[in-house]
Structures are given as C-alpha cells and as structure tokens.
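Colleague: Take a look at this one; I'll ask things after.
Just so it is clear, none of the values below were taken in a lab; they were calculated from the coordinates. All figures in this text were calculated on a predicted structure; none of them were measured in a lab. Every residue, glycine as well, gets a Cβ built from its backbone with ideal geometry; the counts of neighbours run over all protein chains shown.
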Amino acid sequence: MLNGKIALVTGAGRGIGKGCAVELARAGADVLVNDRPNSPDLAATVAEIRALGRRCEPLPCDVFSRAGCEQLIDTAVNTLGRIDILISNPAYSQRGDFLDYDPDVWDKTIQGTLSAGFHLSQLTARHMVKRGGGGKIVFISSVHAEMPYARACAYNAAKAGLNHLMRTIAAELCGHRINVNLIEPGWIDTPGERVTFGEEMMQQVAPTLPWGRLGTIADIGRAATFLSSDAADYVTGSVLRVDGGFVLKDCRAPVNS
C-alpha cells in the first residue's frame with residue numbers, strides 16, 4: 001500500500017506515535033522516527049520496524065521549538081532524501097483546575113501541541129511543494145478538541161486549534177495535491193494514560209465503553225495508514241474520529257434488564 005514511500009513520525013518512541021510508525025511500516029513505508037533527545041523508547045521502535053524488513057532511522061530532536069523542527073526536517077530530508085508522509089504527533093498535557101492553572105504550563109501546552117504542529121507541517125509542506133508530487137500530512141488530535149473536559153483547559157484549546165489549523169492548511173495546499181487530514185483518537189491504551197489514570201481504572205473503564213474496550217495504538221496506526229495511502233487520494237480537510245463510539249457513550253439508550 002505504501003511501498004516506496006518515506007514517512008516521518010514524531011513522538012514515535014511509544015504510544016500513538018509508535019503505533020503509527022509500526023503500521024506505516026507494515027504497509028510498506030520506510031520510516032523516520034522522532035522522539036525527544038535521550039528518549040528511552042526510541043530504540044525499541046526502530047528495532048521493531050527493522051524486524052519488519054523496512055528501513056527505519058531514529059531522529060531524536062526536540063520539536064517543541066521552531067529551531068528543533070527545522071533541525072528535524074532538514075535531517076529527515078538529508079537522511080532518506082525526501083518526506084512523502086508526515087504524521088504530526090507532538091503533544092504536552094498536564095491536568096489542573098482552571099482557577100489554579102499555571103500560566104507556564106498553559107504556554108508549554110500550546111507550544112508543544114499547537115505551535116509545534118504548525119512548525120512541523122509548514123516546514124514539511126515547504127519541502128513537499130519544492131520537490132513536487134504532492135504528499136500526505138496527518139495530524140493527531142483528540143476528542144478533547146470537541147469535548148470540553150474539565151481540568152484540561154490548555155489541552156482542549158490546543159487540540160481544538162489544531163483541528164482548525166488542519167482545515168486551513170488543507171484549503172491552501174489543495175493546488176499542490178498535498179492531502180491534509182486529522183485523526184481524533186478517543187480513549188487509547190497508552191503508557192501515558194496508564195500513568196495518568198492507573199491500570200486499575202483503565203481496566204474498569206474499558207468494558208463500559210461503547211465498543212467494549214479501550215482503543216489500541218494499532219487502531220490509530222491503521223487509520224493513519226489509510227489517510228497516508230492512495231486510497232485516501234480524494235480525502236483532504238477531514239477529521240477521522242477513531243474512538244470506538246467514545247463520544248456517543250452518554251447517548252445510548254438504557255439497557256433493559
């Protein structure tokens with residue numbers, strides 16, 4: 001499906017980023033995987049992808065700054081010659097009550113989630129336009145973009161902004177045949193979620209969700225693979241919610257006993 005394509009995936013050391021990188025590789029892409037410098041997880045992602053017979057190169061870099069994004073894109077192009085697919089997956093989240101929310105944490109969340117997405121996509125799109133031939137940009141957002149969860153004001157705002165940023169970019173890049181889309185994961189079983197909520201709570205909640213389970217990183221990876229493929233040639237400016245019905249959980253009719 002993606003044979004001959006070169007993908008760059010950020011935040012690929014673990015969680016959703018790793019799921020996207022592995023599934024793109026399963027579909028035939030060679031993958032450049034990024035995570036923060038000194039990431040303890042990146043080597044395992046590289047080993048897993050190489051075991052699939054695909055080329056994979058680690059690109060540790062801090063994408064929370066413009067300079068870091070510039071370094072990443074330049075290194076990616078120099079390493080494998082081009083970028084056909086970008087999975088933009090930077091994020092930072094720290095929960096807290098709005099009345100007491102730390103302004104510095106607000107700034108870091110917006111910078112690491114929304115601004116980083118802008119920098120990564122702009123620099124990648126410039127490369128794609130220069131080399132010609134189109135490309136695929138897929139943002140990883142969240143159902144938080146539409147659901148105003150308490151104690152997550154910065155993350156909610158950053159993801160909502162990311163959704164609208166995606167639509168604007170898609171409108172501007174149509175003429176260059178660069179597809180720009182976005183995935184909204186629901187509650188996904190990731191290491192970060194297990195730290196935030198605890199394994200006991202995750203196990204309790206899973207069977208209560210509409211699909212009867214938490215999402216997996218492979219669920220998100222397969223969606224990213226579709227949006228990165230020729231099968232999605234006529235799809236741009238779209239939000240693909242991959243949540244097992246999570247946003248519908250309070251809309252269901254009571255079950256008769």
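Colleague: Nearest 10 degrees is fine. How inclined is helix 217-227 to the longest principal axis of the chain, computing both from alpha carbons?
Modeller: 50 degrees
Colleague: Would you calculate, for the chain, the mean residue ellipticity at 222 nm contributed by helices, counting each DSSP H stretch of 4 or more residues as -39,500 (n - 2.57) and dividing by all residues, to the nearest 500? If you can, show how the numbers build up before the last one.
Modeller: Details: 9 runs with 107 residues, N = 257.
Mean residue ellipticity at 222 nm (helix-derived): -13000 deg cm²/dmol.
Colleague: For helix 42-51, what angle does its Cα long axis make with the longest principal axis of the chain, in degrees from 0 to 90 and rounded to 10?
Modeller: 70 degrees
Colleague: For the range 6-243, taking Cα atoms only, what is the radius of gyration to one decimal and the Dmax to the nearest whole Å?
Modeller: Here Rg and the maximum Cα pair distance are 16.9, 51 Å.
Colleague: In a Gaussian network model over the chain where Cα atoms closer than 10 Å are linked, find which of G186, G28, G133 has the largest mean-square fluctuation.
Modeller: Highest fluctuation among the options: G133.
Colleague: In degrees between 0 and 90, to the nearest 10, how far off the longest principal axis of the chain does helix 153-173 point, with axes built from Cα atoms?
Modeller: Result, in degrees: 40.
Colleague: In whole Å, how far is the Cα centre of the range 122-197 from that of the range 1-28?
Modeller: 16 Å
Colleague: Based on the Kirkwood radius over alpha-carbon pairs, what is the Stokes-Einstein translational diffusion coefficient of the range 127-173 at 37 °C with 0.692 mPa s viscosity, in µm²/s? Numbers along the way, then the final one.
Modeller: Values: Rh = 12.1 Å.
For the chosen part, D equals 270 µm²/s.
Colleague: With a cut-off of at most 13 other beta carbons within 10 Å, and DSSP calling the residue loop, which GluC sites (Glu not before Pro) in the range 154-219 qualify? Please list them.
Modeller: On the way: sites: E172, E193, E199, E200; in loops: none.
Passing sites in the range 154-219 do not exist.
Colleague: Further question on the same structure: Compute the semi-axes of the equivalent ellipsoid of the range 67-153, taking the square root of 5 times each eigenvalue of the Cα gyration tensor, and list them largest first in whole Å.
Modeller: So the three semi-axes of the range 67-153 are 31, 14, 8 Å.
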